[in-house]
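Comments concern the structure below.
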Amino acid sequence: MILRKWTAVGLSGLLAALVAGLAATQAAADQPEQDAPPPRVDMVLDVSGSMAERDMRDGRSRMAAAQQAFNEVIDAVPEEVHLGIRTLGATYPGDDVEVGCQDSEQLYPVGPVDRTEAKTAVATLRPTGWTPIGLALRGADEDLGDGPGTRRIVLITDGEDSCGQPDPCDVARELAANGTHLVVDTLGLTLDDAVREQLSCIAEATGGTYTAVQDTDELSDRLTQLVRRADLPVENPTAVEGAPECQDAPRLGVGVYTDRQEFTQHRWYRVPVAPGQELRASVSVAADRAVNPDYGVLLRAVDEDGQELVRGTGAGTGRTDVVSTGLRLPVAEVEEEEREEEQENGGNDGNDGNGNTGEVRVICLDVANSYSAPDAVQRTPGLPIELTVDVVAAPDAPSDVAAFGLARGWVPLLLLTGAGLVAGLLFGLAVRLGIVLGRS
């Protein structure tokens, strides 16, 4: 199969959009931008021997195209973004696997960008050695440093890891489990199935994206999506640890939360909801490793007495990266008579400060899964889950007229039938009158 080719301009635009998205994310933070830590991104470039392949549309090598892309990104990087560059396979041309699989180094440190110095460093690169992706990911994590703020790795490669240890997917899961909000986006320069599978695994484990640019139209669509996304404020999910039982579960407000869940494990969370409000929750569980076919995800809303109120389920089979489900739970308003009776009996009026009165209910959310995997697959860390919680004003009860909905029920049907019959009679009468008048 002949691989469809991508262009240097496309790769540079995609990288620029990913880097620019960091600035948009940081500007959306709650605290003033000048007080927030700068977003940090480390671009990891494959400089292995296969990057010398000259299969670009214009006849240039993959390496030459990548260098041009890097130069354009360096010119366009926002001032508030701290950028760095790491290479893999750039220095050792020999056949010694032990030496070749240690070949990853920091080409340009993460920090404010000196554009001339950074582009000069990129210009010196020549396709050379092996492809130690797992080692390079660990090195990039160290390049970015600790502390709060956005941390992103952009990996550009034309092949899968050629060393095996450490396994890149295992490294990505380790980095994600550290809870440092590190995201790895991967760009594949070929459409090889093995490359796609490995780069997808790396991206999924950290909440990042995998992209293989194939033709001009697809590239244009992808760039448009990324530019629009970069203009939107992005909410960083909050890491939380669910409990085995509801009574020990963390109390959550409106927001997006991340957690880890082992196979067949239950994770519990609690959400306060006032009368007159509606709880809306959804959960996504990512299969970031090889799993057995036939699996499902369950999200239940349960009261504090253990009574199930509503549930949502999702299921999949074969290779599905993410399974999601959700639920909606309105909490009824307390009637005035019941509220007065509760107050007379010493009950809590539950005013939440937003005009909602009545006793606030604590809803328990139970997240469970039915994933399993072959014995050789790692069980820890658990599968990444993302839980979204929203509490909104409950929809008003529909009136008697609106209860049927638009063109639903027998009342609208009778009205429409009658109207059609009358219109038909009037039209027929008009035609007959026209004929008669015409003859006269």
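Laboratory data are not the source of any read-out in this text; all were calculated from the coordinates shown. None of the values given here were measured: they were computed from a predicted structure. Counting neighbours? That spans all protein chains shown, and the Cβs are built from the backbone with ideal geometry, glycine included.
What the table shows:
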read-out	value
For the range 52-152, alpha-carbon Rg relative to the globular expectation (2.2 N^0.38 Å, N residues)	1.16
Distance from the range 239-300 to the range 127-149 (C-alpha centre basis), Å	31 Å
Sorted peptide list for 128-140, 276-288, criterion being average Cβ within 10 angstrom, highest first	128-140, 276-288
Glu308 versus Asp390: modelled label distance in nm, points set 7 Å from Cα along the beta carbon direction	2.5 nm
In nm, spacing of pseudo-spin labels at Val322 and Gln165 (7 Å Cα→C-beta vector)	3.4 nm
Förster-model FRET efficiency, 30 Å R0, Glu80 and Glu241, C-beta, rounded to 0.05	0.40
Cα-projected label distance for Glu117 with Asn178, points at 7 Å along beta-carbon direction, nm	2.4 nm
